[in-house]
Amino acid sequence: MTNQNQSAKMWSGRFREPLDAEFESWQRSIVFDWQLLNEEVAASKAHASTLAAAGIISNSELIDLRAALDSVARDHSSDEGAAQVRDHAVAEDIHHYVELALTERLGPLALKLHTGRSRNEQIATDLRLYVRKQLALTVNALGAWALALVEKAKKAGDAVMPSYTHLQRAEPVLVAHWLLAYVQMLLRDVSRLQDCAARLNYCPLGSGAVAGATLKLDRWVAARELGFTAPTANSMDATSDRDFVLEYLQALTFVGLHASRFAEEITLFATAEFGFVQLPEAFSTGSSAMPQKKNPDLTELVRAKVGRIHGAADAVTLQLKGLPLAYNKDMQETQEPVFAVRGVAQMLGLLARFSAVLEFNAGRMQQAAENGFLNAMAAATYLVHKGVPFRKAHEKIGNAVRFAIDKKVELGGLTLEELRQFGDEFDADFYDAVTLEATLDCHDVIGGTARVRTREALAEAEEQIRDLLNSRGLEAVHAGA
């Protein structure tokens, strides 16, 4: 005899003995895949449309099924309703839950919905819909943060800061140029996410358990209704493919890395030792022991989030490694890593608001850019224009820097007579060539920090971002185009 819970299961006919109670609880996925309720409802409505198109259910049955599915989603749209799904005593997974909820509303008609489909294709479809939605949210959030950085760069104007290599001061750059470096990272992130959206945007419905549906279904019906590019090409691949999950998580790892690098620089620049930025109080916290402290909690937490994201990608990699075709229960474990990173869009939204109110100490940054021989490259370039081979120019300026260090002045503080001991090429125009403005503007190439180039790059980046954030751009991401 089967027990009551066993008889409620979708696969109970083959079994006579009840499941071990602890195993039954342990293997249930409803405790996390309840988050796919809306996707399960959407996919089920599309499958109902396919069944109606094939003449398996009537138009009136289709109307009743779709209305009941909408009511399931509507009744569980609140936090309380979601908790009812998550804590359901019988449902094994979200597919089972929706079938039970439909049966309560429609009776035997609900049982027709599973005709011609398998849970293997259902979860593959639900996950694609969920990831596609998260991709769109993340792209939108990336665009908003990039736009905040662009606006901050516009306000910075010609403010200057030192750039660094090896964490040692290198050359002066515009603050706008530094901010635009992160904008470029975010635009690459958007591109990766859009690529992922395009590859995942194929509909598994109609793939059956492994070999394809046993009924002659028009798979285009569901694909079109759900906004997919086309049906998947191979049933075995469709039901066992989680490449899109891994690709999504790997793309998010880049997002996390770039956010972490920004957070690290801001954390450093906010220290008294740098003093380049003032942390916004709305995004900082104090110390319970030291009254004077203002701690960079937002940037520290952002810096840490990449660990969660990268860990999710690694987990899915190991879960998929070595799995034979096609569906295996192991794939259930690929869902929780996806849900674990759903906070990425929120993090990016916080970074956008944080960036908008971040304040630069322009005077301190300029002072740092004007000291420490950051114009040495420009000085060597001056000699190159005088016909000196760069290697010799490098040596001459290096000797001049060493002399200036001993004299405790910058290169511009050396007299022309002192400079000429390192080469007859030095002339009075040397001093104009090593001013802060000239040092910036000698980098007059595409991608350089010259003021005119930075203004051009700023306008181009703003145009790209605003195009991304318009309605057509977002629709393209939603559709995976």
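Annotation: Cα Rg of the stretch 210-262 relative to the compact-globule expectation 2.2 N^0.38 Å equals 1.67.
Remark on the stretch 408-456: ratio of C-alpha radius of gyration to 2.2 N^0.38 Å is 1.41. With the convex hull of its Cα atoms as the shape, the stretch 369-481 has an orientation-averaged projected area of 9.7 nm². Distance between the C-alpha centers of the stretch 394-419 and the stretch 192-264? Whole Å please. Each part reduced to its Cα centre gives a spacing of 61 Å. Packing, as the average of other Cβ atoms within 10 Å across residues, places the peptides 97-103, 416-422, 433-439 in the order 97-103, 433-439, 416-422, highest first. Packing order of peptides 65-74, 134-143, 281-290, highest average first: 134-143, 65-74, 281-290 (average count of other Cβ atoms within 10 Å over each peptide's residues). Per the Cα gyration tensor, the chain maps to an equivalent ellipsoid with semi-axes of 61, 23, 19 Å, ordered largest to smallest. Entry comment: accessible area of the chain is 48 Å² per residue, from protein heavy atoms only and a probe of 1.4 Å. Just the protein heavy atoms count here, and of the accessible area of the chain at 1.4 Å, carbon and sulfur take up 53 percent.
Extension gain for Leu187 to Ala289 (0.36 nm times residue separation, less C-alpha to C-alpha distance): 32.6 nm.
Distance between the modelled labels on Ala89 and Leu318, one decimal in nanometres: 3.7 nm (7 Å Cα→Cβ projection). Average projection, convex hull of the Cα set of the stretch 263-377: 12.2 square nanometres. The coefficient of translational diffusion for the stretch 85-238, derived via Stokes-Einstein from the alpha carbon Kirkwood radius under 20 °C and 1.002 mPa s, stands at 110 µm²/s. Computed log10 I(q)/I(0) for the stretch 321-433 at 0.15, 0.20 Å⁻¹: -0.74, -1.03, from the Debye equation with unit scatterers placed on every C-alpha and solvent omitted. When the chain is described by a simple charge dipole with +1 on each Lys and Arg Cβ and -1 on each Asp and Glu Cβ, the residue from Pro389, Leu137, Gly81 located farthest towards its positive end is Gly81.
Measuring r between the beta carbons of Ala53 and Gln168 and using R0 = 60 Å, the FRET efficiency lands at 0.35. Stretching Arg342 away from Glu300 to a fully extended chain increases their span by 13.2 nm, per 0.36 nm per residue minus the current alpha-carbon distance.
Can you compute the charge dipole magnitude of the chain about its Cα centre, using +1 on each Lys and Arg Cβ and -1 on each Asp and Glu Cβ, nothing else charged? Give it in debye, rounded to the nearest 20. Kindly include the intermediate steps, with their values, before the conclusion.
Working: 50 positive and 62 negative charges, 104 e Å.
Result for the chain is approximately 500 debye, rounded to the nearest 20.
The residues neighbouring Arg105, those whose beta-carbon lies less than 10 Å from its own, together hold a net charge of -3 under the Lys/Arg +1, Asp/Glu -1 convention. Taking every DSSP beta bridge that has both ends in the chain, the antiparallel portion is near 80%.
The values are calculated or read from the model by the stated rules, or taken from the named source; none is laboratory data. Fair warning: this is a prediction, and the values are worked out from it, not measured in the lab. Because the Cβ atoms are built from the backbone with ideal geometry, glycine has one as well, and the counts that use them run over all protein chains shown. Only protein heavy atoms, including side chains, enter the accessible area calculation; ligands, DNA and RNA are left aside. Shrake-Rupley method; radii C 1.70, N 1.55, O 1.52, S 1.80 Å.
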